[in-house]
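The values are calculated or read from the model by the stated rules, or taken from the named source; none is laboratory data. Being a predicted model, the structure only gives us computed values, none of them experimental. Cβ atoms come from the backbone with ideal geometry, glycine included; neighbour counts cover every protein chain shown. These area figures cover heavy atoms from the full protein model, side chains too; ligands, DNA and RNA do not enter into them. Shrake-Rupley method; radii C 1.70, N 1.55, O 1.52, S 1.80 Å.
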Amino acid sequence: MTIRAIILSGGRSNRFGGVHKPAVELGGATVISRILGTVRTVDPLAEVWVAGPSEGLSEAETESVHSIREEPAFAGPLAGIAAACSALQTGEGTTVAGESGDVTLVLAGDMPLITADHLGELIAACRRGEAPATGTDDRGKTQFLCAAWPTALLLARVESIPDPVDGAVRLLFAGLEPTLVDVESSVVADFDTAADFERIHARFDEGVRSDQP
């Protein structure tokens with residue numbers, strides 16, 4: 001039973017001054033490096049796809065992932081998911097996609113506080129329910145970009161969308177009832193603006209202080 005992850009890093013970051021959000025540093029590590037490290041904590045052998053620029057990853061980290069780019073560039077997260085899924089179906093990964101029990105995580109590249117515990121809970125819930133599993137954000141809305149999918153189902157849903165360019169990720173969930181997993185909203189916080197990132201930085205600092213003896 002294989003675990004895969006698609007980390008989406010292809011946005012323009014317009015509201016963040018055009019600075020590539022996944023490459024921003026938080027506590028001495030970049031956002032995307034933190035996300036990758038969390039995935040590797042869950043499963044050191046997870047097959048990871050970065051859909052978009054790999055900026056922010058070290059050379060060793062870059063070599064440990066598969067890189068793909070949505071077509072055209074900046075076509076949105078759904079297009080990034082579709083590009084990664086297309087590569088999986090054509091056998092560009094290291095294992096056969098879609099076998100029973102296989103799970104693929106779909107993760108935004110601007111969610112640095114995500115924890116291994118939460119990802120583990122998503123994976124377990126996904127396998128139990130044989131349906132996508134996700135949590136809700138601080139507004140009580142389904143967090144579509146922090147979800148665990150049965151790989152075969154994700155591939156089928158992507159194929160059912162004629163044109164993913166600039167499409168909404170919620171289209172993947174249309175007609176489905178995802179399993180909702182309880183999670184502290186700060187864990188799945190993402191950021192679009194400098195003010196958003198400052199709030200995440202404050203939460204990170206609070207966590208560091210609480211871990212100190």
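What a 1.4 Å probe finds exposed on the chain is 49% carbon and sulfur by accessible area, rounded to a whole percent. Considering helices alone, the calculated mean residue ellipticity of the chain at 222 nm is -10500 deg cm²/dmol, with DSSP H runs of length four and up weighted by -39500 (n - 2.57) and normalised per residue.
Along the Cα-to-Cβ line of Asp192, 7 Å from the Cα, sits a label point; which residues in region 46-78 have backbone N less than 18 Å from it? It comes to 74-78, nothing else.
Computed about its Cα centre, the charge dipole of the chain is approximately 260 debye, with only Lys, Arg, Asp and Glu carrying charge at their Cβ. Projecting the Cα atoms of Leu119, Ala75, Val50 onto the charge dipole of region 3-211 (Cβ charges, centred on the Cα centre) puts Ala75 farthest toward the positive pole.
Among the trypsin sites (Lys or Arg not before Pro) found in region 109-148, those both in a DSSP coil and sparsely packed, with 12 or fewer other Cβ atoms within 10 Å of their Cβ, are Arg139, Lys141.
Would you mind getting the accessible area per residue of the chain, heavy atoms of the protein chains only, 1.4 Å probe, in Å²? For the chain, the per-residue accessible area is 47 Å².
Each peptide in 103-109, 177-183, 82-88 gets a packing score, the mean of other Cβ atoms within 10 Å over its residues, and the list from highest to lowest is 103-109, 82-88, 177-183. For the chain, the longest principal axis of the Cα atoms and the long axis of helix 194-211 meet at an angle of about 80 degrees. With 0.36 nm allotted per residue and the present C-alpha distance subtracted, the Glu206-Ala29 stretch has 62.0 nm of extension available.
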